[in-house]
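So the structure is just underneath, and the comments pick up after that.
The values are calculated or read from the model by the stated rules, or taken from the named source; none is laboratory data. Predicted model, so just to flag it, every value in this text is computed and none were measured. All Cβ positions, glycine included, derive from the backbone under ideal geometry; neighbour counts span all protein chains shown. These accessible areas exclude ligands, DNA and RNA; they are computed on the full protein's heavy atoms, side chains included. Shrake-Rupley method; radii C 1.70, N 1.55, O 1.52, S 1.80 Å.
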Amino acid sequence: MNIVVIGPGALGSLFSARLAASGRIVTLLDHNPARALSLDNHLTLSTATNEELRVDLPITTDHSCLKQADLVLLTVKSQHVVDLLAVVQNHITPDCLILGLQNGIGHLHFFEDSQAGLALGVTSQGATLLAPGHVRHGGHGPTAIGFLHPAPDKRVLKLIRAAAVMSTAGLATEVVDDIEDRLWQKLLVNAGINGLSALYDCPNGQLLEIPEARSRLIALVEEGVRIAHTKGIDVGADPVGRTLDVCRATASNISSMLQDIRNGRSTEIMAINGALLAEAKKLAIPTPENELLVSQVLAVEKSADKAKFDL
Ligand code: PAF
């Protein structure tokens, strides 16, 4: 299986390194020529037990590698998916499977067409980018992949094969038929944690110790649950409890959104809490907590020095 991973962020670097280390043909595609060159065709993978592994693989900006791809892993942020899909779909063969691994739900409508080989995934793998080309695999978690709508058998077989390839590479993956529910389950966790950790400028665990942050977290998730239930989405048992558990389990983690703020990058706030607002508007559900959070995180994003928001 010839695999192209697009986006050398934490997840893209982790999946590229693990898949290439397991003997797969993997190319990492970057849009940034200077960075692609500086990565010098290798990645460094640090494990949770502090081992370091050098993985050699082609890292390029040349889209022609997509012509040979059987599987394209799209690991860019939700807000970049639409532009990228247009480029990717111009280069791939009709048999190629595209798998999007994004936080949030802002990109879901671009993945409606299962016939076109568009699948979605949600992962709990713990990846932190220590430096460009250097990723830490801090913790293993499951990855679920699936189509939003029933797909032809040929497509499903390809997806099953992709799951087997990823699992063999040490990235445990299962094919599911409720990927939308799974994406919402993760969305609610991210909606409760990510924006607040960016505002309070703290690791996930501290949100539980700041009474105001803790009650805001609960209210954010509860608003999300109301939207999900109205849409008929199965968010599983006790989404609030689950989010508090994730805070505890990842207590020392700097969330991906806080990492973005600290590194001066745009955040996924619109794909997470912003997407909840868009859904709530359609359903006339009040969401004051999510509205406040979105406006505050956007303000932090805009502030030139990325200073901590004045709470
Ligand atoms: O986006 C993140 O950082 C992670 O999904 C999570 C679960 C909030 C842990 O930091």
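Specify the residue with the greatest mean-square fluctuation among Asn32, Asn190, Asn41, computed from a Gaussian network of the chain linking alpha-carbon atoms under 10 Å apart.
Asn32
Heavy atoms only, probe 1.4 Å: what % of the accessible area of the stretch 180-310 goes to carbon and sulfur, would you let me know?
Numbers: 3020 of 5790 Å².
Heavy-atom surface of the stretch 180-310 belonging to carbon and sulfur, 1.4 Å probe: 52 percent.
How tilted is helix 153-168 with respect to the longest principal axis of the chain? Cα atoms for both, answer in degrees (0 to 90, nearest 10).
Long axis of 153-168 versus the principal axis of the chain: about 80 degrees.
Per residue, how much accessible surface does the chain expose to a 1.4 Å probe? Answer in Å², no decimals. Walk me through the numbers on the way to the answer.
Numbers: 13500 Å² over 311 residues.
Per-residue value: 43 Å².
Quickly rank 209-220, 176-187 as a protection proxy: mean count of other C-beta atoms within 10 Å, highest first. Please report the intermediate quantities before stating the final value.
Details: 209-220: 16.7, 176-187: 20.2.
Per-residue Cβ counts within 10 Å, averaged per peptide and sorted highest first, yield 176-187, 209-220.
In a Gaussian network model over the chain where Cα atoms closer than 10 Å are linked, find which of Val82, Val165, Val297 has the largest mean-square fluctuation.
Val82
Non-local amide H neighbours of Ile25 (under 5 Å, H modeled in plane, Pro and chain starts lacking H): which ones?
Under 5 Å from the amide H of Ile25 lie the amide H atoms of Ile3, each far enough along the sequence or on another chain.
Tell me, what is a quarter of the convex hull surface for the C-alpha atoms of the stretch 2-177, in nm² with one decimal?
Values: hull surface 35.5 nm².
For the Cα atoms of the stretch 2-177, the hull's average projected area reads 8.9 nm².
If one takes the longest principal axis of the Cα atoms in the chain, at what angle in degrees, from 0 to 90 and to the nearest 10, does the Cα axis of helix 273-283 lie?
Taking the Cα atoms of the chain, the angle to 273-283 is about 70 degrees.
Taking the Cβ of Ala280 as the centre, find all other residues whose Cβ is under 14 Å away and add up their charges (Lys, Arg: +1; Asp, Glu: -1).
Taking every other residue near Ala280 into account, the sum is -1.
Compute the distance from the alpha-carbon center of the stretch 189-219 to that of the stretch 227-259, in whole Å.
Taking the Cα centre of each part, the stretch 189-219 and the stretch 227-259 sit 11 Å apart.
Relative contact order for the chain: what is it in percent, counting Cα pairs under 8 Å that are at least 6 residues apart? Write down the numbers at each step before the final one.
On the way: 598 pairs, mean separation 46.1, N = 311.
Here the relative contact order equals 15 percent.
Counting only protein heavy atoms, what percent of the accessible surface of the stretch 1-81 is carbon or sulfur at a 1.4 Å probe?
Working: 1710 of 3440 Å².
Carbon and sulfur: 50 percent of the exposed surface of the stretch 1-81.
Could you give me the ³J(HN,Hα) list for the stretch 215-232, computed from phi with Karplus coefficients 6.51, -1.76, 1.60 and θ = phi - 60°, whole Hz, x at Gly and Pro?
Using θ = phi - 60°, the values come out as 6, 5, 4, 4, 5, 4, 5, 4, 4, x, 5, 4, 5, 4, 4, 4, 7, x Hz.
As an exercise, take the mean of 1/r over every pair of distinct alpha carbons in the stretch 98-257, invert it, and state the Kirkwood radius in angstroms.
Values: mean 1/r = 0.0597 Å⁻¹.
About 16.8 Å for the stretch 98-257.
What percentage of all Cα-Cα pairs in the chain are separated by more than 34 Å?
Values: 9405 of 48205 pairs.
The calculated P(r) of the chain puts 20 percent of pairs beyond 34 Å.
Rounded to the nearest 10 degrees, what's the angle between the helix 288-302 long axis and the longest principal axis of the chain, both from Cα atoms, 0 to 90?
That helix lies at roughly 60 degrees to the long axis.
Report, in cubic angstrom per residue, the convex hull volume of the C-alpha atoms of the stretch 115-197.
Each residue corresponds to 121 Å³ of Cα convex hull volume.
Tell me, what % of the accessible area of the stretch 92-170 is carbon and sulfur with a 1.4 angstrom probe? Walk me through the numbers on the way to the answer.
Working: 1900 of 3150 Å².
Whole-percent figure for carbon plus sulfur exposure: 60.
Among the listed pairs Lys282/Lys302; Lys186/Lys281; Lys154/Lys281, which have their C-alpha atoms separated by more than 31 angstrom in this model? Walk me through the intermediate numbers first.
On the way: Lys282/Lys302 27 Å; Lys186/Lys281 21 Å; Lys154/Lys281 38 Å.
Table pairs above 31 Å Cα-Cα are Lys154/Lys281.
Under 10 Å, Cα contacts only: if you run a Gaussian network model on the chain, which one of His229, His140, His107 comes out with the highest mean-square fluctuation?
Its mean-square fluctuation being the largest, the pick is His229.
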